[in-house]
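First comes the structure, then the notes that go with it.
The values are calculated or read from the model by the stated rules, or taken from the named source; none is laboratory data. Just so we're clear, the structure is a prediction, and the values are computed from it rather than from any experiment. Reconstructed Cβ throughout: ideal geometry from the backbone, glycine too, with neighbour counts over all protein chains shown. Heavy atoms of the whole protein, side chains included, go into the accessibility calculation; ligands, DNA and RNA do not. Shrake-Rupley method; radii C 1.70, N 1.55, O 1.52, S 1.80 Å.
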Amino acid sequence: MKIDRGVFPWKSNSSTKSQESNPSSTWRLFSSKSNGNLAKSLTTEVQNSLSPTSSAANTPHHHKRQGSSASEKQFDDLVASSIALIQHDRPSNLPAKCTEEALRHKAEHARMVEAARRRVEREAAARHARLQESIRMEERLARHAREWTQTILPDWHNMKNAKRTLELWWSGLPPAIRGRVWQLAIENKLKITHEMYQDYVAKAKQKLQEAQLRRKRLKIHAKNSCECKNEEPNKEDQKVEDRLSSGEFTKCEERSSKRMEKISKMDDRVEEKTEKQRLGLPRNFSEQNLKTMDVDPGPKKCCSKSNPNLLDYSDECSMELIQLDISRTFPHLCIFQPGGPYFDVLHELLAAYVCYRPDIGYIQGMSFIAAVLILNMEAPQAFVCFANLLDGPVLRAAFTRDGATMQRLWKAYSRLLRRQLPALADALAPELYLLEWLYTAFAKAMPLDAACRVWDVFLRDGDTFLFNAALGILHLYQDELKDMDFISAAQFLTKLPEDLDPEALFKSISSVSMTLDGMSFEELVSCCPLDNSLDDDNLRL
């Protein structure tokens with residue numbers, strides 16, 4: 001429906017006359033055809049201006065807007081903005097463009113449009129390549145998952161060492177069956193049952209409540225006096241303590257008496273072991289505060305200004321400090337943060353291990369190992385795998401602070417590093433990165449997907465693969481590390497790049513030899529002499 005031009009009375013007569021002189025410029029309300037005709041006329045005008053037949057109409061004083069002859073619709077906005085910057089007529093108060101300048105601007109505009117077109121094509125090709133690679137990866141994982149579930153897992157004992165199984169294992173386990181394969185690879189040499197895990201969780205909760213009650217009583221007594229040993233517990237605290245001693249706050253008494261007796265005997269055997277003097281690998285700062293050290297700390301403080309962690313309790317009280325480290329475990333996932341779905345699960349698992357191995361307690365780094373297991377299996381299975389995994393030779397030596405074994409491992413690794421990567425042997429000390437990699441089994445330093453790939457082969461080949469992976473990482477990034485200073489290299493190795501390609505990493509790992517002078521890594525470790533002059537600080541985290 002057309003609207004008469006006189007409907008706008010505020011228009012000047014000159015504008016009305018100009019509209020009458022051009023009947024094609026009539027207004028059409030709520031119509032797309034008029035806009036389309038206008039766009040077509042502008043496009044025709046732009047194309048005509050770019051044609052080589054443009055003549056005296058394009059004089060410097062009457063230079064019309066010029067455009068590109070490209071027909072792609074996606075570049076229309078880019079062309080318009082480029083024209084506005086380069087090829088639009090100058091204001092009347094400035095000198096007009098000369099013919100040479102107009103031609104030069106037209107050529108520059110054509111180059112800009114062409115460069116933009118090539119960039120968009122490259123980005124589109126890269127997106128398409130990534131999409132195709134993702135599809136191929138999903139199809140490959142689906143095929144491997146079917147082969148694992150239909151052929152390998154039903155006949156595990158006969159197929160676990162087959163050539164095809166080892167090849168599939170090296171290429172990465174499908175996430176759907178990763179937890180099942182890890183459980184079979186770790187095995188359960190410690191004979192831990194799911195019922196034992198539940199009992200240890202209940203025992204850990206009881207210990208935690210007792211520690212909280214003691215802390216509460218300490219704060220109450222500190223208001224009146226700093227001599228806690230002379231204070232008598234009030235009636236309310238006595239009632240709570242009586243309820244704790246009677247077992248009202250725990251379900252342990254509802255369990256089988258035989259199983260609880262078996263657990264208590266296991267704990268007694270562990271506690272009766274004499275703790276030998278160890279050379280290196282101290283516990284984390286929290287446990288150093290928790291336990292009395294060799295140096296006499298002086299009189300104990302119990303006033304409100306003192307640190308409530310400075311209590312002379314057993315190793316089981318370290319479970320109270322576990323939650324301080326849980327929130328720092330995979331913070332980008334948010335599932336292990338307070339209030340997250342796996343915060344309590346991870347806390348219970350680590351606290352149960354403190355009750356299972358009070359001689360070791362909780363050590364910083366355990367939370368990452370336990371979290372990786374929880375992400376791939378249920379909590380009872382994760383506890384069984386966690387306890388058996390920490391009983392391996394390398395992790396046991398690290399978490400029990402076995403200085404003699406760690407010295408031999410350190411020297412064997414240093415010899416291989418000097419042989420394989422001599423340029424990095426002097427520039428990067430293993431103390432800079434290796435101990436943290438071992439404590440977390442690369443779960444903290446690597447992206448999670450790459451760390452799980454490393455875990456696949458680590459659980460297949462044993463603890464030696466941890467050192468093989470360490471050499472592979474240095475081999476992969478040797479060019480970047482050579483140009484870094486000490487601080488930059490430390491930061492780089494502490495948190496590896498997020499775009500770490502697992503395929504490139506494993507190709508680098510396979511190129512590194514773990515033999516030296518005809519001896520394997522295990523033989524190198526066994527023949528390395530001990531250095532009694534090595535102090536504790538050389539192996540500190």
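Compute the FRET efficiency between residue 219 and residue 449 as 1/(1 + (r/R0)^6), taking r as their Cβ-Cβ distance and R0 = 35 Å, and round to the nearest 0.05.
Values: r = 46 Å, r/R0 = 1.30.
Result of the calculation: an efficiency of 0.15.
Please list 3J(HN,Hα) in residue order for the range 509-518, calculated via the Karplus relation 6.51 cos²θ - 1.76 cosθ + 1.60 where θ = phi - 60°; whole Hz, with x for glycine and proline.
Calculated HN-Hα couplings, in order: 4, 5, 7, 9, 8, 9, 10, 9, 6, x Hz.
Describe numerically, in nm with one decimal, the distance between label points set 7 Å from Cα along Cα→Cβ at residue 418 and at residue 327.
Taking the two extended label points, one gets 4.5 nm.
When a/c reaches 1.5 or more, the comparison of a/b and b/c decides; with that in mind, is the range 442-489 rounded, prolate or oblate per its Cα gyration tensor?
prolate
What distance in nm lies between label points placed 7 Å from Cα along the C-beta direction at residue 531 and residue 499?
That separation, rounded to one decimal, is 3.9 nm.
What residues from the range 169-184 fall in the zone where the backbone N is under 17 Å from a label point 7 Å along the Cα-to-C-beta line of residue 136?
Within reach of a label on residue 136: 171-172.
Show me 328-335, 404-411 ranked by packing, highest mean number of other Cβ atoms within 10 Å first.
Descending mean neighbour count gives 404-411, 328-335.
Ignoring ligands and nucleic acids, what accessible area does residue 519 show with a 1.4 Å probe (Å², nearest 10)?
Its heavy atoms expose roughly 50 Å² to the probe.
Tell me, what HN-Hα J-couplings in whole Hz come from the Karplus equation 6.51 cos²θ - 1.76 cosθ + 1.60 at θ = phi - 60° for each residue of the range 90-102, using x for Gly and Pro?
Each residue of the range 90-102 in turn: 6, x, 5, 7, 10, x, 6, 5, 7, 5, 5, 5, 4 Hz.
Could you give each residue of the range 350-366 its phi-based ³J(HN,Hα) in whole Hz, using Karplus coefficients 6.51, -1.76, 1.60 with θ = phi - 60°, and x for Gly or Pro?
Values, residue by residue: 5, 5, 5, 5, 4, 6, 6, 10, x, 6, 9, x, 9, 10, 4, x, 4 Hz.
Which of the peptides 366-373, 140-147 is most tightly packed, and how do the rest follow, going by the mean number of other Cβ atoms within 10 Å of each residue?
Those peptides, ordered most packed to least, come out 366-373, 140-147.
Quick one: if you stick a label point 7 Å off each Cα along the C-beta vector at residue 482 and residue 119, how many nm between them?
Each label point is offset 7 Å from its Cα along the Cβ direction, giving 3.3 nm.
Using mean Cβ contacts within 10 Å as the protection proxy, how do 195-208, 91-104 order, highest first?
The packing order, highest mean first, is 195-208, 91-104.
Counting only protein heavy atoms, what percent of the accessible surface of the range 338-475 is carbon or sulfur at a 1.4 Å probe?
Looking at the range 338-475 in its full context, I get 48 percent from C and S.
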